[in-house]
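> Okay, handing you the structure first.
Read-outs: derived from the displayed coordinates by stated rules, not from any lab. Here the structure is a predicted model, which means the values were calculated and not measured. Ideal geometry is used to build each Cβ from the backbone, glycine not excepted, and the neighbour counts take in all protein chains shown.
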Amino acid sequence: MNILLSDLRTFKKLIYEQKYLDHFLQISIRKVNHFTLRIFQMFFSFY
């Protein structure tokens, strides 16, 4: 019973961390996309 409870706790923690990670990844992907767009604009402006 005690083991099950601790497993449940770690499971909830994992789910929470996963949501946080997904959110962080979305933000970083957006930043990277913005950054690459800027680089492409600079690169094409030379031509």
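> Once you charge only the Cβ atoms, +1 for Lys and Arg and -1 for Asp and Glu, what is the size of the charge dipole of the chain about its Cα centre, to the nearest 20 debye?
Dipole size: approximately 120 debye.
> Per residue of region 7-22, in order, report the coupling 6.51 cos²θ - 1.76 cosθ + 1.60 (Karplus, θ = phi - 60°) as ³J(HN,Hα) in whole Hz, putting x for Gly and Pro.
4, 4, 5, 5, 5, 4, 4, 4, 4, 4, 5, 5, 4, 4, 4, 4
> Hey, if you put +1 on the Cβ of every Lys and Arg and -1 on every Asp and Glu Cβ in the chain, which of SER6, GLN18, MET42 ends up farthest toward the positive end of that dipole?
It is MET42.
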